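Everything on this sheet refers to the single structure shown next.
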Amino acid sequence: LAGTRIIYDRKFLLECKNSPVARTPPYCLPQIPGVTSLAQSSLVKLEELKERNESEEAMPGEQPRQAAP
């Protein structure tokens, strides 16, 4: 079996990365938590982190915490 081999150059592939088509998921793609969309638990964790960061920013005068070694 012989077929046509398509070869793409680096410049073309890098340009495709920024294409709007490459950033938009297909309309018929199923929503599978943790696979095609964030898992529900991940969304909850993101919201909690966002609220914590906002509350820390709202409290001026506190010393910032340092990460543990």
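At a glance:
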| read-out | value |
| --- | --- |
| Qualifying residue in region 52-66 (condition: over 16 Å from the mean Cα position of the chain (by Cα), at pLDDT 80 or above and in a loop (DSSP other than H, G, I, E, B)) | no |
| Output for region 11-36, where each listed residue is hydroxyl-bearing (Ser, Thr, Tyr) and within 16 Å of the chain's Cα centre (by Cα) | THR24, THR36 |
| Test for ARG5: is it in a loop (DSSP other than H, G, I, E, B), among the basic types (Lys, Arg) and at pLDDT below 85 | no |
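The values are calculated or read from the model by the stated rules, or taken from the named source; none is laboratory data. Here the structure is a predicted model, which means the values were calculated and not measured.
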